[in-house]
Amino acid sequence: MSVSLPSLPDIASGAVVERVGRPPIFKMLFNGSWVTGYEGSTFPVDTPITEEVVAEVALGGEKDVDRAVKAAMKSQDKIREIPGIERVQIFKNAAEILQKNLVYFAETIMVEAGKPKHEAEGEVRATIDRLLLTLEEARAIFGEYIPGDWSEDTSGKVALVIHEPFGVIASISPFNYPLFIAASKIIPALLAGNSVVAKASSENPISLTLLACALMEAGLPKGVLNVVHGPGRLGELLVAHPDVDMVSFTGSTAVGKRISEVSGVKRLHLELGGKGMAIVLDDADVKLAASKCVEGALKNAGQRCDAVSAILVQRSVHDKLVDHLLDHMKDWKVGDPRYRETKVGPLINRSAAQRVHGLVEDAVEKGAKMLAGGELKGCYHEPTVLDRVPRDARIMWEETFGPVIPIIPIDDEDDAIEIGKRSRYGLDSCVFSNSFYRIWKVAKKVKTGTIAINDYPRHGVGYFPFGGSKESGIGREGLGYSIDEMTYLKTIVFNLVPGGLGKIKRRKVSPS
Ligand code: NAP
């Protein structure tokens, strides 16, 4: 059955050229106008469901990046001059637009990312929640009052410490949550008074385009949000642009490293790759651990930075865990994401699926036992369980980003902690145990940005801070936490003593 994007809602009419019998062309957004690039070229976007081309997208070049950044620079005052409460209203309006077009947004995600329908709908709902939580998020912009009379040096002065927007923020987002991750950068950036140039993954840039349509329709001034489309090279031009003040990037560790090389002296917020290890100890509720680990490993076909991508299980409960895992696996049917019964859709493209398969083959060659799955067909990789994975297998250390569950027997929590120390990643982990002391020991010793207890790592709308240590990134994302990344602190010092002497006459206090 052939796949195409759903018919366009009214909000997208300016952003798209519809063509009879051919895929539509999606444009870029500069200074409030939807345009094709200087060169007039396009690139195809296909769906991983059938690998058919579903859209053409305007291909940006160096001049387009410059045009977008200039538009953002010129528009900075426009966003700053909108009173906070009116900025919040724009996001509320956008939430309403997304709610009204929820089916359209979800089907677009399903087609361009291959995500099962219920997961695509969940992504749209999370984006709506994020838009509706902006009044709460705005508290992070408020700042601080510091009386100076607690130090001799500053007595007679007070300081106001305020959060100032950086200026132009480059937002670069990955393919795995094409709507939500773009939104979780653009919303706090604008809320804090920055203007934005956004680029999505060239695998699936349509969701970002639609989000921009919704924000413009919701009342965002022209030029405050600009969108460029194109390959990674374009992202590099964007982050290196001298008029970009701050970069908010989510993607792989390799690209994050490249961005820190080329971007120059500017604030970087980098949300990078992960290798989520689940530690199952012998006093855990093993049935619960199995169901959580399967869900944590297979949701979005394992294409989550926080996915459970290795299970370290204490030997004495290994067999019991494996039995429960295999039982739960039966519910995770792989197939066409348009069908309700499908829980695991295709990976983003053929080469991603082949890379995952290469990790499976490497583990099996080195002695792992395949207990389920293992089949590769085009972009589809069957959910796979690998048991007794040797510690020199690549899948122990490399990000999987696919529906594979490697199981590694361990002696105890100290063994697990040692394995964690060797990982270059430090994004997420989880531990299953019923002993407070063992949980506390692991939680304190594991070097990940988040550790979930008796649950798999998940971050939803971003109510809790989220981010990595080691090569998993720099900075924190989440409600309010993103504002901290996207503003700089300005200290305004008031001298309260007439004549500017800056000192208050002090009373002598002597010990009684
Ligand atoms: P990616 O290949 O690193 O690409 C991410 C974004 O960067 C895309 O928009 C990409 O554009 C762009 N890009 C590529 N090369 C660039 C360059 N040299 N300079 C600037 N931008 C460049 O990642 P992905 O495959 O889309 O996403 C999967 C990765 O994202 C995984 O490693 C995953 O762990 C990570 N991720 C992390 C988090 C987190 O919060 N820590 C969340 C989600 C995903 P093109 O697509 O056009 O190349």
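No value in this document is a laboratory result; all are computed from the given coordinates. Predicted model only: the values in this text are computed from it and were never measured. We place every Cβ from the backbone using ideal geometry, glycine too, and count neighbours over all the protein chains shown.
Give the percent of DSSP beta bridges with both residues in the chain that are antiparallel, rounded to the nearest 5. The antiparallel fraction comes to roughly 45 percent.
Only four residue types carry charge here, +1 at the Cβ of Lys and Arg and -1 at the Cβ of Asp and Glu. Report the dipole size of the chain about the Cα centre in Debye, rounded to the nearest 20.
Details: 63 positive and 66 negative charges, 284 e Å.
Computed about the Cα centre, the dipole is about 1360 debye.
Ordered by the number of other Cβ atoms lying within 10 Å of each residue's own Cβ, fewest first, Phe494, Phe43, Phe26, Phe166 fall into the sequence Phe494, Phe43, Phe166, Phe26. Each eigenvalue of the Cα gyration tensor of the chain, multiplied by 5 and square-rooted, gives one semi-axis; in descending order these are 40, 34, 18 Å. Each peptide in 366-374, 309-317 gets a packing score, the mean of other Cβ atoms within 10 Å over its residues, and the list from highest to lowest is 309-317, 366-374.
Rounded to the nearest 500, what is the chain's calculated 222 nm mean residue ellipticity when only DSSP H runs of at least 4 contribute -39500 (n - 2.57) each, over all residues? Value at 222 nm, helices only, nearest 500: -10500 deg cm²/dmol. Exposure proxy shown here: for Tyr145, Tyr488, the number of other Cβ atoms within 10 Å sets the order, fewest to most, as Tyr145, Tyr488. Checking every one of the GluC sites (Glu not before Pro) in the stretch 58-165 against DSSP loop status and a limit of 14 other Cβ atoms within 10 Å picks out Glu81. Listed by chain and number, the lysines whose alpha-carbon sits under 21 Å from that of Lys330, ignoring those within fewer than 8 places in the same chain, are Lys115, Lys117, Lys287, Lys292, Lys299, Lys320, Lys343, Lys369, Lys377. Sorting 451-463, 278-290 by average packing, meaning the other beta carbons within 10 Å per residue, from highest down gives 278-290, 451-463.
Of all lysines in the structure, the ones whose alpha carbon falls short of 27 Å from that of Lys157, not counting any fewer than 8 places away in one chain, are Lys490, Lys503, Lys505, Lys508. Only the Cβ atoms of Lys and Arg (+1) and of Asp and Glu (-1) were treated as charged; on that basis the dipole of the stretch 359-426 about its Cα centre amounts to roughly 240 debye. Cβ crowding within 10 Å, taken as a proxy for footprinting-reagent exposure, orders Tyr481, Tyr38, Tyr425, Tyr177 from fewest neighbours to most as Tyr38, Tyr481, Tyr177, Tyr425.
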